[in-house]
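The values are calculated or read from the model by the stated rules, or taken from the named source; none is laboratory data. This one's a predicted model, so the numbers in the text were calculated from it and none came from an experiment. Cβ sites come from the backbone with ideal geometry, for glycine too, and all protein chains shown count toward neighbours. Remember, those area values only see protein heavy atoms, side chains included, never the ligands or the DNA or RNA. Shrake-Rupley method; radii C 1.70, N 1.55, O 1.52, S 1.80 Å.
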Amino acid sequence: MSDEPENVTSRRTFLRQAAMTGAGLVAGASVARASGPDPKITEVQPWASSFGDPVDASPYGSPIRFESHVVRRNVEWLTESPVSSINFTPIHALEGTITPQGCAFERHHSGAIELSKQDYRLMINGLVETPLVFTFEDLLRFPRSVTTAFLECAANGGMEWGGAQLEGCQFTQGMIHNMEYTGVPLRLLLEEAGVKPEGKWVYVEGADASSNGRSIPLDKALDDVLVAFFANGEALRKEHGYPVRLVVPGWEGNMWVKWVRRIGIYDQAVESREETSKYTDLMPDGRARKWTWVMDAKSVITSPSPQVPIRHGKGPLVISGLAWSGNGKITRVDVSTDGGVNWQEARISGDAKSKALTRFHLDINWDGSELLLQSRAIDETGYVQPTKDALREIRGLNNVYHNNGIQTWWVKADGEVENVEVA
């Protein structure tokens, strides 16, 4: 007995028909795209008729040209200048959880600088027993740690506070990436310098012209913060802070200072420009709420989405998405196809790591009717991703940062997808 719905092409039927079609045995099946023998199978193709590229044709590999559309993109009107701007990870076109460095979004306050390993220096001063200066080679001699973590801009989804604005999962939720970092635990460097008892905060500065700096409580600095120099097994890219950046798992991206040059120890937060006039949350009464460092649980369906419409028609449909939480592991993701009226639990694919992206899937048979797709993440603290309206009741509409509300995609009968909100 099968529980597969009638009049809908099941996954099992699809696979059986596709296999038979490939063998030239089925004609006219609803999912078959060839009515006779497929020349891609039965005839020798050009790529099988001559040699391909030699092994050293591309000493440092690049994606094949057929994937040239999978690139970071910016929104030109978002900032006055592309030098101090942001582009977006094509999360709609990626799978799994690790973001290739070449696709990982960028955010600069004064442009991506070139700083060589030979010229690199890291100073630790302030309330320490011994002020120190490290070269890059010095850092390589410390014990290393490896961690996978997501980096999310505090403004990810920020343009959606006032309503659906942009068409594309990439543009609405693409200020995020997830990499495996290798580096020295900051704790070891601070122990080398010897933090004085009155030291309660670290202030981290970048070497770029903006001197972007952020204060971090000492407890966090001693917990899981890395001074990293590798990402996904290779040196950091220039746009991600080569040769050394800070990794602050679970906390907003502006605290992951790039090209880090100085770590000062203080008895209180410095409260620099970037942590007072910027990166604070405006509340409905006009006051600013500061120190909202942690990125709360959030999820988004990456496919189907506005840049990934349904082209295959009715039948088996894989709903794929990402979930994350700055407070720990994702324990569950629910998906709704009717705008939040009913929910079903999605399958978490692979390991759900703490403070890292988690992939989820839900396999359905799409009957061609309109859908209002949503996902909601639940983390190990029991926190449930809220609706946008629930956030607005508390935070109002003046805010830019920390919008982790539920995203809605309207899937139309023709398979096109639009960014909408459910009233």
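Would you work out what percent of the accessible area of the chain, with all protein chains in place, is carbon or sulfur (probe 1.4 Å)?
Numbers: 10400 of 20200 Å².
On the chain, the fraction of accessible area on carbon and sulfur atoms equals 52 percent.
From the P(r) of the chain, could you give the percentage of C-alpha pairs in the tail past 34 Å? In whole percent, the long-distance tail amounts to 39.
Across every pair of different alpha-carbon atoms, what Kirkwood hydrodynamic radius in Å does the range 233-327 reach?
Numbers: mean 1/r = 0.0578 Å⁻¹.
Result for the range 233-327 stands at 17.3 Å.
Pull up the DSSP beta bridges for the chain and report the antiparallel fraction as a percent, rounded to 5. Numbers along the way, then the final one.
On the way: 76 of 81 bridges.
Within the chain, antiparallel bridges account for around 95 percent of the total.
Give me the number: length gained by fully extending Leu78 to Phe66, i.e. 0.36 nm times residue separation minus the C-alpha to C-alpha distance, one decimal in nm. Let's see the in-between values first.
Details: separation 12, 0.36 × 12 = 4.32 nm, distance 2.91 nm.
Here the segment from Leu78 to Phe66 would lengthen by 1.4 nm.
Applying both filters, DSSP loop and at most 14 other Cβ atoms within 10 Å, to the GluC sites (Glu not before Pro) of the range 326-416 gives Glu370, Glu416.
Over the range 98-235, the reciprocal of the mean inverse Cα-Cα separation, the Kirkwood hydrodynamic radius, stands at 17.1 Å. Taking label positions 7 Å along the Cα-Cβ direction at both Ile364 and Glu234, the computed distance is 3.8 nm, reported to one decimal. Summarise the long-distance tail of P(r) for the range 57-103 by giving the % of C-alpha pairs beyond 13 Å. Taking all Cα-Cα pairs of the range 57-103, the fraction more than 13 Å apart is 64 percent.
Can you give the helix-only mean residue ellipticity at 222 nm for the chain, where every DSSP H stretch with n ≥ 4 adds -39500 (n - 2.57) and the sum goes over all residues, rounded to the nearest 500 deg cm²/dmol? Mind showing how you got there, number by number?
Details: 7 runs with 48 residues, N = 423.
Helix-only estimate at 222 nm: -3000 deg cm²/dmol.
Taking a straight Cα-Cα cut-off under 19 Å and skipping sequence neighbours fewer than 8 places away in the same chain, the lysines within cross-link reach of Lys412 are Lys314.
Counting only protein heavy atoms and using a 1.4 Å probe, the accessible area of Glu67 comes to about 90 Å². Between Phe51, Phe360, Phe150, which gets the highest mean-square fluctuation from a Gaussian network model of the chain, Cα cutoff 10 Å? The residue that fluctuates most here is Phe51. Build a GNM of the chain with springs between Cα atoms under 10 Å apart, and of Ile124, Ile41, Ile176 the one that fluctuates most is Ile41.
Can you divide the C-alpha Rg of the range 297-423 by 2.2 N^0.38 Å and report the result to two decimal places?
Values: Rg = 14.5 Å, N = 127, 2.2 N^0.38 = 13.9 Å.
Here the Cα radius of gyration is 1.05 times the empirical estimate.
Largest GNM mean-square fluctuation among Glu167, Glu76, Glu205, using the chain with Cα springs under 10 Å: Glu76.
Heavy-atom accessible surface of the range 140-265, averaged per residue, reaches 29 Å², computed with a 1.4 Å probe.
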